[in-house]
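Student: Please find one structure pasted underneath; my questions will follow.
The values are calculated or read from the model by the stated rules, or taken from the named source; none is laboratory data. On a predicted model such as this, the values are computed, not experimentally measured, just so you know. Positions of Cβ are generated from backbone atoms using ideal geometry, with glycine treated the same way; all protein chains shown enter the neighbour counts. Note: accessible area is taken over every heavy atom of the protein model, side chains too, but ligands, DNA and RNA are not part of it. Shrake-Rupley method; radii C 1.70, N 1.55, O 1.52, S 1.80 Å.
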Amino acid sequence: MAIGVTQNTFQLNVVSAERTLFSGSAHALAIAGADGELGIRPGHSPLISKIKPGVARIAGDLNEPEEILYISGGLVEVQPDSVTVLADTALHGSEIDKARAEAARKAAEEHIRQSGDDVNFTQAHVELTKALAQLRAVELTSKTSRKAR
């Protein structure tokens, strides 16, 4: 994880409309905020931010590999002792179908090449960003799985 981890923890809840993906103590969270990467540790200053499509990295149990989630967007609320991520859609990295994400990436790239107006280009760019984030989550999950062996 790119941010330092201490023994201190905060309560972290990551939820989507479908389910709770993580609920428990965490040492650190790295997530893609609207204005850049957010590194959150215990005692962080309060904030509310939009989150953009990307990967969330959770340092939960220090004896286990970090948990990797794909987040399609949403909101994050940070308090000094708790963090809540309200995700539009979220998946564990291990749940992502790599072939499907790769197909979505290729379709979005083709859509960008063929876009004639700003609306189509913007939508295609969002779809490309989501597909790339899913592929990154798959990649990071496979790396952490290999390290755990």
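Student: Quick one: is VAL83 at pLDDT 95 or above, at negative phi and not basic (Lys, Arg)?
Tutor: yes
Student: Return the total of residues in region 127-144 being open to solvent by 50 Å² or more (accessible area, probe 1.4 Å), modelled with pLDDT under 80 and either touching a strand residue (DSSP E or B) at 6+ places or on another chain (Cβ under 7 Å) or farther than 16 Å from SER72 by Cβ (or both).
Tutor: Total meeting the criteria: 1.
Student: Take the conditions of a type in the set (Ser, Thr, Tyr) and without any contact (Cβ under 8 Å) to a residue 40 or more places away in the chain and apply them to SER49. Does it pass?
Tutor: yes
Student: So, one more: Those residues that are of a type in the set (D, E, K, R), farther than 21 Å from SER142 by Cα and surrounded by fewer than 13 Cβ atoms within 10 Å (Cβ to Cβ), I need them from region 99-124; list them, please.
Tutor: Selection gives LYS106, GLU110, ARG113, ASP117, ASP118.
Per-residue answers, yes or no, for (1) at pLDDT below 95; (2) under 12 Å from ALA90 (Cβ atoms); (3) touching a Ser or Thr at 6+ places or on another chain (Cβ under 9 Å):
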| residue | (1), (2), (3) |
| --- | --- |
| LEU12 | no, no, yes |
| VAL15 | no, yes, yes |
| GLU18 | yes, yes, yes |
| PRO53 | yes, yes, yes |
| GLY60 | yes, no, yes |
| PRO65 | yes, no, yes |
| TYR70 | yes, yes, yes |
| VAL78 | no, no, yes |
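Student: Here is a further query. Please enumerate the residues belonging to region 37-47 that are within 16 Å of the chain's Cα centre (by Cα) and surrounded by fewer than 17 Cβ atoms within 10 Å (Cβ to Cβ).
Tutor: GLU37, GLY39
Student: Does region 76-85 contain at least one residue that is among the aliphatic types (A, V, I, L, M) and more than 17 Å from SER23 (Cβ to Cβ)?
Tutor: No, every residue in region 76-85 fails to be among the aliphatic types (A, V, I, L, M) and more than 17 Å from SER23 (Cβ to Cβ).
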